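S.K.: Once you've had a glance at the structure underneath, I'll fire off some questions.
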Amino acid sequence: MDDLAGFLRTRRARVDPAAVGIPTDSRRRVEGLRREEVAHLSGVSVDYYVRLEQGRATQPSEQVLDALARVLGLDETEREHLYRLARQRRRRAKAPGGRIRPEVLRVLDLVVGAPALIMDHRLNALAGNRLAGLLFARPMPGLNIARHLFLEEGERGLYAEWENCTLDVVGHLRLAAGQYPDDPRLASLIGELAMGSERFRRLWARADVRARTHGRKTFWHPLVGLLELHQENFALPGESGMELLVLSAAPGSPAEDGLRLLAGLGAVSTDDADSSDSADAHPPVNAPVRD
């Protein structure tokens, strides 16, 4: 699903030659750096670097990876991704099973004033509290954020900053593909998204990686309007690959009022449903008997 050679090629094309001291003129037709330029700046032979980009050189040393990360201007997330890709042939991580401990579900139920959900590395929502279900207008088990974002056109309006959300999601899936290259369910999801979304195909080809642990998330809910929330991601202990996501509103903000209103609307809907069920179970006198 992901490989060191492809990542190096896309990062090389991103570097501005002038930023690393290489003069350019109008005759230059190469986007970014040439292979020989990366090799020279990194202190490795041109032949070795070419073999890296062709997938024919394996297990580069830490010194080589450090030099490449420096020349290519990688940030911390990209640097870790580079090292992970280089280690894939040595040790390939097994995809987590996806079982949620009962103690974690109890913690989830304690979050009552903000939408909260447990998500795996494939962006499947495995469980969620009541407000999360109201925000996304569906039960949490069965929701996949990537499918919701790219393939369900009717749901696109929920994300007030849809384009930024797509960057985050593709960057996350790139990281997951590097961490779990032998996960068939992840590969199937990526293939499904590529078949169904032209934007996903374009973003995936860029090979960008993102690790979002916190930040603003803005939703446009059809019942309560704009919700400017803050997302915090908490990695669960062990090798589960799961995270607890909490979407909170600033105290006294319109978003806090919106979440309170959403919770109230959900309570009314539940009461109406309970009343309907009660009426069906105990029909009034002279009510027609149903077959």
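The values are calculated or read from the model by the stated rules, or taken from the named source; none is laboratory data. Note that the coordinates shown come from a computational prediction; the quantities given were computed from them, not determined experimentally. Positions of Cβ are backbone-derived with ideal geometry, glycine not excepted, and every protein chain shown enters the neighbour counts.
S.K.: Being surrounded by 14 or more Cβ atoms within 10 Å (Cβ to Cβ), closer than 30 Å to residue 191 by Cβ and not β-branched (Val, Ile, Thr): is that true of residue 51 here?
M.R.: Yes.
S.K.: Sticking with this structure for a sec: Considering the range 177-198 alone, what residues qualify as being part of a helix (DSSP H, G or I), within 20 Å of residue 163 (Cα to Cα) and touching a residue at least 12 places away in the same chain (Cβ under 8 Å)?
M.R.: Those that are part of a helix (DSSP H, G or I), within 20 Å of residue 163 (Cα to Cα) and touching a residue at least 12 places away in the same chain (Cβ under 8 Å): 189, 190, 192, 193, 196.
S.K.: In the range 233-255, which residues are under 13 Å from the mean Cα position of the chain (by Cα) and of a type in the set (Asp, Glu)?
M.R.: 243 - this is the single residue of the range 233-255 that is under 13 Å from the mean Cα position of the chain (by Cα) and of a type in the set (Asp, Glu).
Each row is one residue, and each column tells you yes or no for (1) of a type outside the set (Asp, Glu); (2) under 30 Å from residue 224 (Cβ atoms).
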{"position": "114", "(1), (2)": "yes, yes"}
{"position": "133", "(1), (2)": "yes, yes"}
{"position": "145", "(1), (2)": "yes, yes"}
{"position": "153", "(1), (2)": "no, yes"}
{"position": "183", "(1), (2)": "no, no"}
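S.K.: Scan the range 128-142 residue by residue and report those that are surrounded by fewer than 20 Cβ atoms within 10 Å (Cβ to Cβ) and not charged (D, E, K, R).
M.R.: Listed by number, the residues that qualify are 133, 137, 139, 141, 142.
S.K.: With respect to residue 125, is the statement that it is assigned to a strand (DSSP E or B) and assigned by TED's automatic domain parsing to the domain that holds residue 241 true?
M.R.: The answer is yes for residue 125.
S.K.: Further, regarding this structure: Answer yes or no as to whether residue 14 is more than 27 Å from residue 182 (Cβ to Cβ), surrounded by 11 or more Cβ atoms within 10 Å (Cβ to Cβ) and free of Cβ contacts under 8 Å to residues at least 24 places away in the same chain.
M.R.: no
S.K.: Continuing with the same structure: Would you point out the residue of the range 35-88, among those that are modelled with pLDDT of 90 or more and of a type in the set (Lys, Arg), that is nearest to residue 210 (Cα to Cα)?
M.R.: So, considering only residues that are modelled with pLDDT of 90 or more and of a type in the set (Lys, Arg), the one nearest to residue 210 (Cα to Cα) is 79.
S.K.: Among the residues in the range 141-162, are any under 30 Å from residue 62 (Cβ atoms) and either of a type outside the set (Gly, Ala, Ser) or not in a loop (DSSP other than H, G, I, E, B) (or both)?
M.R.: No - not one qualifying residue is present in the range 141-162.
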